[in-house]
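For reference, the structure discussed in these notes is given below.
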Amino acid sequence: MSRTRIIATSTTAVLSIALAGCMGGTIPDASAPITQSEAEIGAEAHPQLLAEFGGAMTGPQAVYVEQVGKNIAVQSGLGGARDSFTVSLVNSPVNNAFAIPGGYIYTTRQLVTLMNNEAELAGVLGHEVGHVAARHSQRRQAAAQRNQIFGVGAAILSSVLLGSNPLGQQLGQAALQGSQMLTLKFSRNQELEADELGIQYLNNAGYDPRAMATVLASLANQNALDARLQGRDDARLPEWASTHPDPASRVQTALSKTQGMSGTLNRDTFLTRIDGLVYGDDPEQGIVEGRQFIHPELRLAFTAPQGFYMVNGTSAVTINGQSGKAQFTLAPYNGNLQSYVQSVFSGLSQQQITPSSIQTRTVNGLPAAFGTARVNNGQSQVDVTVFAYEFANDRAYHFLAITPAGQASTFNQMYSSVRRVSTQEAAQVVPRVLDVITVRSGDTVSSLSRRMAYPTAQEERFRVLNGLGSNDQLQAGQKVKIVIRGS
Ligand SMILES: [Zn+2]
């Protein structure tokens, strides 16, 4: 959750209008150079997308990712690709990579930390170049205009919790503001086509094309581990967390397409270049530590209920569980908490949602106001609660929570846990970072796993991070990644 992020006009609107704009003409084929109008579409959405994903990183790692990205873009055969493609390493703790028209491709630093060699990085970026070259966004947009399916992806999240019904969708929609909607959901066939193009580009560039399968396998294993650690039974991360749906089955397809192929991996070069990358949450955006969210810059913290897991987005922190869902965010504040709570309710949906009352109290020394509204939601009723806190005359934050009717108290402990963070405590919030080490004789998976800066599942995290199967052992002299506390 970044400091200043107040939900602005969604970038989706910008992109879809622009895309619609270029729909007048025909869609260029997969080898045509990027057109002027495509470049303009991308240039318009690019800055907002960067803002949504924590900003573009600079420095040697960003330069390295850009180099690998431009080298693989050239393999696409799109005229002038080296200059016309923009490759960004973004400061996001989510495993993600995406592309928009006009040659703008992105990977998050978190996804880069999961990779184990340069060929995997080239594979992921090649996949995104494939989406651009094959004009998947434009084709998707054309299809959407033909059959109005545009908004489908966005509703997935809330429908899991509350079933596909109007209010749930609005909350899901609210939670999915901005960038998550931007990366238009590509169809399964388009994902497979982008994999295939990525494999071709890898092969043309002399990389080992099997890297496409290994990186997808790492992503599938990481999803499964995250789901297990978050106590979720479905291994798929919420749609917005990965634009690479169902990596597991795509592994088989990629393997079958790269059988007998070989090439360069550049493992040691890659690991040396990514050494020191921030891993997980960046304190500048706040950190999720077990059930606590703490933001050293905003000087605030709160604790989620037992059995719920949190995802730290740039404009909100979402709190997810079987018996409810909430998000913590901010909105413009004029010093009146009651009207603030009222305006959050009225901004929720067309239908008038009015709390039975708005009460005030003090929470850990903070002035607070809250209200709950009972709302018909398709077949069922839900309770929608807004709980707001004044941190300064011009700064307030709030929870927007939804629970089945009669269960609004599910989040009471969380509401009472919001507190200011002292300067000392803020100074102790340090990020985790990637540390690339060389295995010495006598080092084992379990001895090195014990150095992972996590209280739980150290060995599983180590094996997934290094692409190691459950029986794989280490060789002296081999480079591996561990996650340690930074400074
Ligand atoms: Zn894709």
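All of the numbers you see were taken from the coordinates with simple rules; none came from a lab. Just so it is clear, the model here is predicted, and its values are computed rather than measured. Every residue, glycine as well, gets a Cβ built from its backbone with ideal geometry; the counts of neighbours run over all protein chains shown.
What to note about this one:
- When you work out D = kT/(6 pi eta Rh) for the range 283-427 at 20 °C and 1.002 mPa s, using the Kirkwood radius from C-alpha pairs as Rh and the Stokes-Einstein form, the result is 138 µm²/s.
- Projecting the alpha carbon convex hull of the range 376-439 along each direction and taking the average yields 9.5 nm².
- Listed pairs K70/K481; K257/K325; K70/K325 exceeding 31 Å between Cα atoms: K257/K325; K70/K325
- Neighbourhood net charge (13 Å Cβ-Cβ; Lys/Arg +1, Asp/Glu -1) for Y340: -1
- Label-point separation in nm, L229 to A142, each point 7 Å along Cα→Cβ: 4.3 nm
- Pairwise Cα distances in the range 432-485 exceed 13 Å for 53 percent of all pairs.
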